[in-house]
Amino acid sequence: MRRKTLDLLLNWVGTLLTAVLLVAGIGMLVGYNFTNSQVRSQLVGQKVFFPKSGERDYQDLVKVNMTNLAGQQVLTGKQAQIFANDIIGVDTAAIGAGKTYAELSAAALADPSNAALANQVELVFRGDTLQGLLLNAYAFGFIGQLALYGAIGSFIAALLMLILTLLGIRHYRQADPAEVI
């Protein structure tokens, strides 16, 4: 095979790979933007706010050193995770005295006349449900972050491939047409 033929083939592969990496980066960037906007719009509609200083749940923020979030609306996946685990999770554990919804529900079914236990089951169920919904927002926010990092990596790789392809084109122009490898 002649050297110029190999160089030409490698230049086409480099050009194709650069284009694929650019398209992949754009796709991941679109995925990041979509995921971020969906998480934000869903959380905005829920109107969940971190407790303000002086409110009962504020101590939960103090325990996890997140007092900078006090009074803010939950708008990101990371904030949703903090609220779900460090506010709701703490409250439902306290309401259920450390028992899960399944344990409380089984006890309530065994003693249907216990109104206090039935109320406890309902509160823990509501808390666990909201906690689960907020943790879903966190999961999708995390997936969006991964897409952003993937997009950045893809753009960097595309830039490196572009540079290598341009260097390959320069080499192709300088190679001896008669050289055989």
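The values are calculated or read from the model by the stated rules, or taken from the named source; none is laboratory data. Note that the coordinates shown come from a computational prediction; the quantities given were computed from them, not determined experimentally. Here the Cβ positions follow ideal geometry from the backbone for every residue, glycine too, while neighbour counts run over all protein chains shown.
Computed values, structure above
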{"item": "Every pair of residues 6+ apart whose Cβ atoms lie under 7 Å, when the first sits in the stretch 63-83 and is farther than 14 Å from residue 40 by Cα and surrounded by 13 or more Cβ atoms within 10 Å (Cβ to Cβ) while the second is among the small types (Gly, Ala, Ser) and at pLDDT below 90", "result": "70/53"}
{"item": "Subset of the stretch 69-125 [of a type in the set (Val, Ile, Thr) and either closer than 22 Å to residue 48 by Cα or in contact with a Pro (Cβ under 6 Å, 6 or more places away or on another chain) (or both)]", "result": "74, 76, 82, 87, 88, 90, 92, 95, 124"}
{"item": "Residue in the stretch 134-143 that is surrounded by fewer than 16 Cβ atoms within 10 Å (Cβ to Cβ) and more than 28 Å from residue 29 (Cα to Cα) present", "result": "no"}
{"item": "Count of residues meeting criterion [assigned to a helix (DSSP H, G or I) and either polar (S, T, N, Q) or over 12 Å from residue 10 (Cβ atoms) (or both)] in the stretch 156-181", "result": "12"}
{"item": "Hey, residue 19 in a helix (DSSP H, G or I), at pLDDT 90 or above and closer than 29 Å to residue 116 by Cβ or not", "result": "no"}
{"item": "Qualifying residue in the stretch 158-179 (condition: exposed (fewer than 14 other Cβ atoms within 10 Å of the Cβ) and among the small types (Gly, Ala, Ser))", "result": "yes"}
